[in-house]
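The values are calculated or read from the model by the stated rules, or taken from the named source; none is laboratory data. What you see is a predicted model; the values in this text were computed from it and never measured. Cβ: placed from backbone, ideal geometry, glycine included. Neighbour counts: every protein chain shown. Just so you know, the surface numbers come from the protein's heavy atoms only, side chains and all, with ligands and any DNA or RNA stripped out. Shrake-Rupley method; radii C 1.70, N 1.55, O 1.52, S 1.80 Å.
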Amino acid sequence: AGFASCFGIMGIAKTCVPLFFGQGYEPVIVLLYLFSPIIVIIGISNCLCYQYFTPCGKRKQSTYFLFAGSFVNLILNLMLIPKFGAYGAAIASVAAESVISVLYVVYSKQYGNVRMLVSTGAKKMISGFGMFVVVFSMNSIQINPLFLVLLQIAVGAMVYGLILIILRDKWILESLQTVMDKVKKYV
């Protein structure tokens, strides 16, 4: 869901921002492009923190990762905000969260299979990017902006799911099988 949300927000940003914020807020579109990856990045760190580090009694080590991220955020904010304003703050936040996630991944290698995590994530990233391309190209359709956003969301979900099926993603195939089993049960 992280990659779908990340690429989905990026895909509809051009239509959503004028619709919900009005004219004059076009810079927010770029901020959404810059901030969207944080959904995936924080998802990784939260997953590892709460499913591995905390139950294993490694909360202290986890706190060091948060301090490292805070330090990176502070330094980058001091360097980037004066020159780039809100864009600099967005870049600093994404970089800081990336540092935290990388530390979690590096220090949890003995717990999980990083190769499996990457291969599973790669399928979702490919699907998300494919969805982004389709949804972003729909921004030029000249219809009511609210209907366009709803159409983009519906088409994006279908494209994302279809690409996952084509890539034979285990999660989507198991989900489809569960749905099919429930449908057969009631039919």
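Tabulated values for the structure
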quantity	calculated
Hits in the range 16-55 - residues which are over 15 Å from ALA90 (Cβ atoms), touching a residue at least 24 places away in the same chain (Cβ under 8 Å) and over 11 Å from the mean Cα position of the chain (by Cα)	CYS16, PRO18, LEU19, SER45, LEU48, CYS49, TYR52, PHE53
Long-range neighbours under 8 Å by Cβ, at least six apart or interchain, first residue closer than 30 Å to GLU26 by Cβ within the range 87-116, second part of a loop (DSSP other than H, G, I, E, B) and not hydrophobic (A, V, I, L, M, F, W, C)	VAL94/PRO37
Number of the condition not met by LYS123 [criteria: (1) buried (at least 16 other Cβ atoms within 10 Å of the Cβ); (2) of a type outside the set (A, V, I, L, M); (3) more than 23 Å from CYS6 (Cβ to Cβ)]	(3)
Single condition PRO55 does not satisfy, out of (1) modelled with pLDDT under 95; (2) in a helix (DSSP H, G or I)	(2)
Selection status of TYR33, surrounded by fewer than 17 Cβ atoms within 10 Å (Cβ to Cβ) and more than 27 Å from GLY11 (Cα to Cα)	no
Condition met for CYS16 (buried (at least 17 other Cβ atoms within 10 Å of the Cβ) and touching a Ser or Thr at 6+ places or on another chain (Cβ under 6 Å))	no
Among (1) more than 19 Å from the chain's Cα centre (by Cα); (2) in a helix (DSSP H, G or I); (3) under 23 Å from TYR52 (Cβ atoms); (4) not acidic (Asp, Glu), the one test that LYS109 misses	(2)
Whichever residue in the range 137-173 is in a helix (DSSP H, G or I) and of a type in the set (S, T, N, Q) and, among such residues, is least open to solvent (accessible area, probe 1.4 Å)	GLN152
